[in-house]
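The values are calculated or read from the model by the stated rules, or taken from the named source; none is laboratory data. What you see is a predicted model, and the numbers here were worked out from it, not measured in a lab. Every residue, glycine as well, gets a Cβ built from its backbone with ideal geometry; the counts of neighbours run over all protein chains shown. Please note that ligands, DNA and RNA were not included when accessible areas were found on the heavy atoms of the full protein model with its side chains. Shrake-Rupley method; radii C 1.70, N 1.55, O 1.52, S 1.80 Å.
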Amino acid sequence: MKIVDAEVLVCRPGRNFVTLRLTTDDGLTGLGDATLNGRELAVVSYLRDHVAPLLTGRDPHRIEDTWQYLYRGAYWRRGPVTMAAVAAVDVALWDIKAKVAGLPLYQLLGGASRDRLLAYGHANGRDIPELFDSVRARLAEGYRAIRVQTGIPGLNAVYGVHPPGDAAARDPHQRARPLVEDWDTAAYLRHTPTVFEAVRNEFGAELPLLHDVHHRLTPIQAARLGRDLEPYRLFWLEDCTPAENQEALRLVRSATTTPLAVGEVFNSVHDYQGLITEQLIDYVRSAVTHFGGVTPLRKLLDLAALHQIKSAVHGPEDISPVGMAAALHLDLAVHNFGIQEFSGYSAATHDVFRHAFTFTDGYLHPGEEAGIGVELDDALAAGHPYERAYLPVNRLHDGTVHDW
Ligand code: CS2
Ligand code: MG
């Protein structure tokens, strides 16, 4: 069997997605997600100009060899653009192999270790009443675990919450220039524990609650927040510091028993090495899409398992249904599954990417179709052309750029 075609498809059914489709000489196809939010076309070029010419004529069954060939063969390793491109190839090859076998991918990864996958959704509100409405809406959709983000008094727009009356800002990922959000660490550190106290009082002790700090704190600030949140028993505190400084988490870890989740911006096991072997974190957050695919993420999760660290694969709406499906097969197979992020998709995205995975009663399942269980409808995708879009940026009140 040989690969005869490698197409890179870009569409925007509500937001931009980049998809690789590999076709074999006997007519099988495999899909891989290569979406890098806000920098999509860099990956398109990497795939079209540099990777696609290497794929035609290769045996699609040689997944590990192809991965090593693309990773080591480029000489320039890691980084989000490279690893998103390599991931798309890896997932498309797993999709083809599982279709040849006539099995859902999770069966090739060792079979199901559980029946269903606990998902968490996002609740956001400018203030506490709006946040409560959002939590209630997620509970009504079936979610059994919820990430909580709120506005902060005195700030106009913060991560996860958008200013009132500004329709464009409510969809900040789709502006021609980055939306500018504002930030005040002291106000955030004062306000956040009061939010979790209110949410616990309203929704009780049992609901798993998560919170994302989006890399905004120094180690000592993160240590303070972790301590202040201990009474509210968070499921996790995510990306509390810029975690590429692995040393930072040593201080946070020694100061608090609030569980820590890290890694959505990491691209390789090397970014995690000390964090895992020293047990400085509790959950690894990489996406299949930004980590080089199922092949390396499986290795990461096996290393994490040795240190009692669980999976929490990144799954916001900028991971396409192709990347989500790949994650769900891996989640179902590994022993150390923790939780899966799932924020849902627009109706247009569900139409363009027909998928076998399901979300029922707060749980996900990858479905039983052969392969990863996603097909892209080219005709529908053509009705949603690419538009340039940026993530927001963040500034302090004196104008200094801060981590977003
Ligand atoms: C977030 C992401 O889901 C998360 O945990 O951190 O939504 C992140 O902001 C986006 O993936 C950026 O593209
Ligand atoms: Mg995050």
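A few points about this structure:
- Summed over segment 75-112, residues that are farther than 18 Å from Asp271 by Cβ, assigned to a loop (DSSP other than H, G, I, E, B) and not aromatic (Phe, Trp, Tyr) total 6.
- Candidates in segment 186-200 are the residues that are of a type in the set (Gly, Ala, Ser) and more than 16 Å from Ala123 (Cβ to Cβ); of these, the one that is most open to solvent (accessible area, probe 1.4 Å) is Ala186.
- Yes/no for Leu275 being touching a helix residue (DSSP H, G or I) at 6+ places or on another chain (Cβ under 8 Å), more than 27 Å from Tyr363 (Cβ to Cβ) and within 16 Å of ligand 2 (Cβ to nearest atom): yes
- Summed over segment 288-317, residues that are within 16 Å of ligand 2 (Cβ to nearest atom), open to solvent by less than 10 Å² (accessible area, probe 1.4 Å) and touching a helix residue (DSSP H, G or I) at 6+ places or on another chain (Cβ under 6 Å) total 6.
- Some residue of segment 359-367 being open to solvent by 50 Å² or more (accessible area, probe 1.4 Å), among the hydrophobic types (A, V, I, L, M, F, W, C), more than 20 Å from Asp90 (Cβ to Cβ) and away from ligand 2 (no atom under 16 Å from the Cβ): yes
- Residues that are buried (at least 16 other Cβ atoms within 10 Å of the Cβ) and either in contact with a Pro (Cβ under 9 Å, 6 or more places away or on another chain) or in a loop (DSSP other than H, G, I, E, B) (or both), drawn from segment 201-214: Leu207, Pro208, Val213, His214
- Verdict on Leu217 being modelled with pLDDT of 95 or more and touching a Pro at 6+ places or on another chain (Cβ under 8 Å): no
- Filtered residues of segment 24-36 (kept if open to solvent by 30 Å² or more (accessible area, probe 1.4 Å) and either of a type in the set (D, E, K, R) or in a loop (DSSP other than H, G, I, E, B) (or both)): Asp25, Asp26, Gly27, Leu28
- Subset of segment 140-179 [at pLDDT below 95, of a type in the set (A, V, I, L, M, F, W, C) and within 16 Å of ligand 1 (Cβ to nearest atom)]: Ala157, Val158, Val161, Ala169, Leu179
- Among the residues of segment 59-95, those identified as of a type in the set (Gly, Ala, Ser) and out of contact with any helix residue (DSSP H, G or I) (no Cβ under 6 Å at 6 or more places or on another chain) are Gly73, Ala74, Gly79, Ala87, Ala88, Ala92.
- Take the conditions (1) open to solvent by less than 10 Å² (accessible area, probe 1.4 Å); (2) away from ligand 2 (no atom under 11 Å from the Cβ); (3) not charged (D, E, K, R); Pro219 misses just one of them, which is (1).
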